[in-house]
1. List the aspartates and glutamates whose alpha-carbon lies under 13 Å from that of K175, not counting same-chain residues fewer than 8 positions away?
2. Rounded to the nearest 10 degrees, what's the angle between the helix 734-758 long axis and the longest principal axis of the chain, both from Cα atoms, 0 to 90?
3. Give the peptides 862-873, 596-607 in descending order of average Cβ contacts within 10 Å, highest first.
4. Could you derive backbone 3J(HN,Hα) for the stretch 168-184 from the dihedral phi with the Karplus parameters 6.51, -1.76 and 1.60 (θ = phi - 60°), listing whole Hz in sequence and x where the residue is Gly or Pro?
5. Near K507, which lysines are there with a Cα under 23 Å away, not counting those fewer than 8 places off in the same chain?
6. What list of whole percents do you get for P(r) of the stretch 47-176, with Cα-Cα distances grouped in 5 Å bins up to the one holding the largest distance?
7. Taking the Cα-to-Cβ direction at V596 and at A578 and moving 7 Å from each Cα, how far apart do the two end points lie in nm?
8. Tell me, how many Å apart are the Cα centres for the stretch 579-606 and for the stretch 382-452?
Amino acid sequence: MAGIISTESSVQPESTTQRVYRRDRRSRAGVYWADRIARAVITIGGIGTIIVVLLVVLVLLGNVLPLFQKSSLNEGRSFGLADVEPAADVGLLAFGMDEYSELIWLVRPDQSLDVFCLSNGVHLQRILPADSPSSNPVRATVAKVDDQQTSVLLGLQDGTVRIVLLTIDVSFASKSTLEPELVASLESSSEPFVLQDQTIYRSTSEGLIRKVRFQSAQYMDPISVHRDAVDNLDWIFKSEGSLMVSSQNGAWASSARGELAMGRYERQLGGIGGKGKQKFEIWRSPGSGSIDGLMMSSLGDSFQSIDPSGRVSRWSPDQNQSLSLAESYKSLTAQLSSLSANEPLLGRSTWMLGSQSGEIEAVSLTTTDSGRELRTIHRVACSNAAIRAIASSPTQRLVAVADKVGGLKVVHVTSERLIAQLDSQEFEPDEQLRFSKSGRELVVCSSKGVRRIQLDSEFPEASVASFFQPLWYEGYPAPGYVWQSSTGSAQGEPKFSLVPLIFGTLKATFYSMLIAGPIAILAAIFGSEFLSRSWRGRFKPLIELMASVPSVVLGFIGAMVLAPIMRDSLFWILLSVAMTIFLFLLAAHFWMLIPVSRSIPLRHYRLPLMFLIPPLAIGLAAWISGTLERWIFGTTVQQWLSQPQLSSWPGWFLLMILPSVMGVVWLFSGPMVPWLDWLSKQVGLHGKVQWQLVLFLLASLAVVCLSGATAAVWTALEFDSRKGLLGAYQERNALLVGGIMGFAIIPLIYTLADDALQSVPQHLRSASLGCGATVWQTTIRVVVPTAMSGLFSALMIGFGRAIGETMVVLMAAGNTPLMDWNPFNGYRTLSATLATELPEAARGSTHYHTLFLAALLLFLFTLVANTLAEWVRMRFRKKAYQL
């Protein structure tokens, strides 16, 4: 027992110093590991953020760069056509292909069709009209294949025209439904196709077998049109219908020794009783000189002709079965050189003309103040040699141009851009040029052989010019910036100018910052420098709570609630804003009239009294707005905006108020100070507070007078404010969206600006006040300059927030890609376009990749705004560091 006691008594108790030291070591170890963990988390987060941003940039660039890939023309298979019957007429008038480019059929002068396999040139069949005598058939002098390559119109030597309807059978079958020998032959063949019984069998990527066969050519009865041989033709054809009833409609224009004719063909198959019917109409015009080319309109209601001098004439049928000349236009290219080729562009609204000088010209119907007129909208110098043939793509605004030295070039007409070319090759005199139905291949055909040329051009519409430069589109009066990503048909002209979207984005940001910037900055200055600590503690959270309202809710309220109110009470709302500002300034001057002994005890009631001013201003504006609106405009603002015959003075009066305010402030604080001091001495108010009130009232009167006088000068000079700065009123407009977006970004700007003002050292304020400066003077001359970097950063971050806003703009801006500064008009922004069109854009299309380009621009705008804000903040911070 004694041993045990001895052992316990030998243990020394831990001293207080040791306990503190052990606790301090444990604490320092915890802080050390906490610092390491925090540093690792922050590092990983920062690097992760950078990686995410870089991945976003890479994704955007990966979808944008393909737009600017270079196009090319590559020689494909070339072969001579197999020999046909020795007695056959092997001349070539026209040719066409099926939709899969498996067959090619040639139109001969003896009205016959020779069908060949386009892959190897094997002759498949020869078709002759059943009523054609074998000894001496009526020869065809000219032939025209329709745009869909499903019919041919023949112009015959006896002045008649003849329609030939083609039927090509295309079907798909699985391998199990075909003969085993055919499947084995297809699998073992060195070529990806097999030719058997005049049918081409080809394996598809889906595992099916495609069968293509030229089934028949139906020759219609000749139609008597001219007395002489037909020398020019153009032909359009459309076939549509259901299982029970189908219809065929065609229209042609023809000429024979200067005599013009236009015809329509209608044929209905099926219907009640299963009987069909057909009808022809023909309009004629007497001889008008030699004709070099004809172009039917897409609707078949008119056509254009061109003579050797380059004069384009537009003809329309009348009720007397004759043709009337609608207008005539002298092409620009023909004024310098003679014409050598012509071809309708996709959609048949534009006529492509080629000249001996190697230039092509696009003549189109454009909209003018007097109606629609023919004008030259594009000119492209393609070659140094004469143009001998032009082919138009059936899918895009592309033309292939062949010159007389064998050169071949592909031009995108809208942007006037040469996208691909092929070196000179030998050519045959009767050589013709045509795009395949897919638009990805050019076929050059003559009576001796065929050349296939592959066109590698994924996005010919995409270029710097089409995105950022004004282009002249069909039907427009002049070149312009237009965004119209979808059209009513496949023949429509896509318009991908991003300038209207960029303009709309900047317009939305401008009006938003115009409203939100001053309010947020002034509110931050007032809360930081003039409010007591207790009121500021209530005021700041209330403003920051505004940021919790979702933008979709703001957009819904703006579109469904505020837009109708603004439409019905526009002048009242504008007057309420002006009246609120005026009453605030007037109340400030009246407050200064209160003696200091009484104003100091009342300072706690200053903020509640300020909240009474907006309701008072709104009520006063509602009381006088009707009378004042009729006195200024003579009617309502909306009616004045839409009636240009009314005087433009009211618009200029409103626009000149802000410049007049700035001008009067400059005058009263600069050049007019000596005169105002003399006047104050004359009335006995020099140095008194009452004189400030008098100056304010005089300045307000001067603003009104100066605005009215300036408006009178602009009106006398016949400058209408509704032709640029103002315009017709739309319910969803920039002013509405500016107010709503201003509400959304005010909390952001206010919070950052308030933090910047609060970060100014207090000893600077104390030193300024100690020198005798007032609180206002201290704020303007000491606090604001010191916090300028933070204020600028707050504005730039608000700018970036406004640029990226989507839902408010989408719901309340009207989504019209217009380019004008009219605050009562709508617009479309980059973000709204992405939200509405990206889900519906066809993946891999030009439209799809262009939207990614818009996203990249939006990203760059925000990046530049934030980078500029940070650069300015760091620059001012270095200067103010010693403070």
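1. Cα-Cα hits under 13 Å: E187, E206.
2. On a 0 to 90 degree scale, this one is about 40.
3. Answer by packing, highest mean first, reads 862-873, 596-607.
4. 10, 8, 10, 9, 10, 9, 7, 5, 6, 8, 9, 5, x, 4, 5, 5, 5
5. The qualifying lysines are K495, K723.
6. Calculated P(r), rounded to whole percents: 2, 8, 15, 15, 13, 9, 7, 6, 5, 5, 4, 4, 3, 2, 2, 1, 0, 0.
7. In this crude spin-label approximation the distance works out to 3.8 nm.
8. Each part reduced to its Cα centre gives a spacing of 81 Å.
The values are calculated or read from the model by the stated rules, or taken from the named source; none is laboratory data. On a predicted model such as this, the values are computed, not experimentally measured, just so you know. Cβ: placed from backbone, ideal geometry, glycine included. Neighbour counts: every protein chain shown. In case anyone asks, the SASA skips ligands and DNA or RNA and just uses the protein heavy atoms, side chains included. Shrake-Rupley method; radii C 1.70, N 1.55, O 1.52, S 1.80 Å.
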